[in-house]
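The values are calculated or read from the model by the stated rules, or taken from the named source; none is laboratory data. The model shown is predicted, which means the values in this text are computed figures rather than measured ones. Cβ placement follows ideal geometry from the backbone for every residue including glycine, while neighbour counts extend to all protein chains displayed.
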Amino acid sequence: MTDYTGDVTPGGPADVRELDQLTIAKMAVDEKMANNAYLLTCRTTDEKLLIDAADDAPALLSLVNGSLSAVVTTHQHWDHHRALADVVAATDAPVHAGAPDADAITEQTGVQIARRLEHGDEVRVGEVSLSVIAIAGHTPGSVALLYADPSGHPHLFTGDSLFPGGPGRTIEAEDFDSIMADLQTKVFDRLPDETWFYPGHGNDSTLGAERDSVPGWLERRW
């Protein structure tokens with residue numbers, strides 16, 4: 001395994017983590033929003049999956065450097081799919097997104113959603129399987145992707161649903177209740193402390209580093 005930190009800056013190089021079966025490349029795009037995009041590559045077949053074509057299509061296409069089996073858009077917010085149309089036009093990759101967000105993504109980008117993801121679905125890249133975790137609250141159709149590495153700890157791509165320091169932003173009280181309920185029952189109650197998670201902006205963290213803070217998040221309600 002490479003010495004991966006997840007510390008990337010817009011305009012800078014990707015940080016690459018090599019697992020036994022999967023390579024994870026993290027790239028930051030857009031100096032203002034500092035969105036993260038993740039390229040997952042099956043080390044057996046070289047098939048590639050992109051999580052969030054957030055911005056800067058030329059940089060993302062350079063990272064892909066070839067064919068792309070699919071793009072997963074974690075949620076409908078504009079800053080996570082600004083390069084989606086250009087990436088799809090260049091690669092003809094099908095787009096997957098959470099079912100409740102799919103129509104909004106198409107309306108904003110003009111890109112049709114090939115697969116509407118539901119909680120518990122499986123997304124494959126080559127011989128690697130990722131499980132879909134639906135986390136409603138930041139948006140109705142936000143999804144996370146879980147890779148249960150058989151040779152190590154789990155890896156969780158959370159979009160804007162979970163960050164170091166708290167859940168993703170919510171507006172209404174019921175949205176906060178929803179995101180926290182899903183994070184508790186589907187993530188913290190299910191996955192071990194060593195689970196490494198990769199958010200839609202900023203640095204990574206582990207569930208163990210955040211777990212003791214959950215009661216405080218519930219009390220402050222953000």
request  = For L68, indicate whether it is crowded, with 23+ Cβ neighbours inside 10 Å, under 25 Å from H153 (Cβ atoms) and either of a type in the set (A, V, I, L, M) or touching a helix residue (DSSP H, G or I) at 6+ places or on another chain (Cβ under 6 Å) (or both).
outcome  = no
task = Please work out which one of (1) crowded, with 18+ Cβ neighbours inside 10 Å; (2) without any contact (Cβ under 8 Å) to a residue 40 or more places away in the chain; (3) under 18 Å from T5 (Cα atoms) is the condition F157 fails and give its number.
result = (2)
request  = Taking only the stretch 171-222 into account, find how many residues are assigned to a helix (DSSP H, G or I) and over 18 Å from T139 (Cβ atoms).
outcome  = 15
ask   = Looking at (1) more than 21 Å from Q76 (Cβ to Cβ); (2) modelled with pLDDT of 95 or more, which is the only condition D3 fails?
value = (2)
task = Find the residue count for the stretch 46-68, including only residues that are in contact with a Lys or Arg (Cβ under 6 Å, 6 or more places away or on another chain) and within 20 Å of S131 (Cα to Cα).
result = 1
request  = Starting from residues that are of a type in the set (G, A, S) and crowded, with 19+ Cβ neighbours inside 10 Å, keep the ones in the stretch 27-56 and report whichever is farthest from G202 (Cα to Cα).
outcome  = A53
inquiry  = So, in the stretch 160-180, exactly how many residues are on the phi > 0 side of the Ramachandran plot and either buried (at least 19 other Cβ atoms within 10 Å of the Cβ) or free of Cβ contacts under 8 Å to residues at least 12 places away in the same chain (or both)?
reply    = 0
request  = Please tell me if D55 is among the acidic types (D, E) and in a helix (DSSP H, G or I).
outcome  = no
message = For the list (1) acidic (D, E); (2) crowded, with 16+ Cβ neighbours inside 10 Å; (3) touching a residue at least 60 places away in the same chain (Cβ under 8 Å), I need the number of the one condition that E127 fails.
response = (2)
note = Expected single match for under 23 Å from S178 (Cβ atoms) and either at pLDDT 95 or above or not hydrophobic (A, V, I, L, M, F, W, C) (or both) among R82, R43, R116 is R116
ask   = Would it be correct to say that W222 is over 21 Å from V72 (Cβ atoms), hydrophobic (A, V, I, L, M, F, W, C), loosely packed, with under 14 Cβ neighbours inside 10 Å and in contact (Cβ under 8 Å) with a residue 24 or more places away in the chain?
value = yes
query = Is there a residue in the stretch 29-38 that is in contact with a helix residue (DSSP H, G or I) (Cβ under 7 Å, 6 or more places away or on another chain), assigned to a strand (DSSP E or B) and more than 17 Å from F197 (Cα to Cα)?
reply = yes
ask   = Any residue in the stretch 181-196 that is at negative phi and in contact with a Phe, Trp or Tyr (Cβ under 7 Å, 6 or more places away or on another chain)?
value = no
remark   = Among A99, A89, the single one that is touching an Asp or Glu at 6+ places or on another chain (Cβ under 7 Å) and of a type in the set (G, A, S) is A99
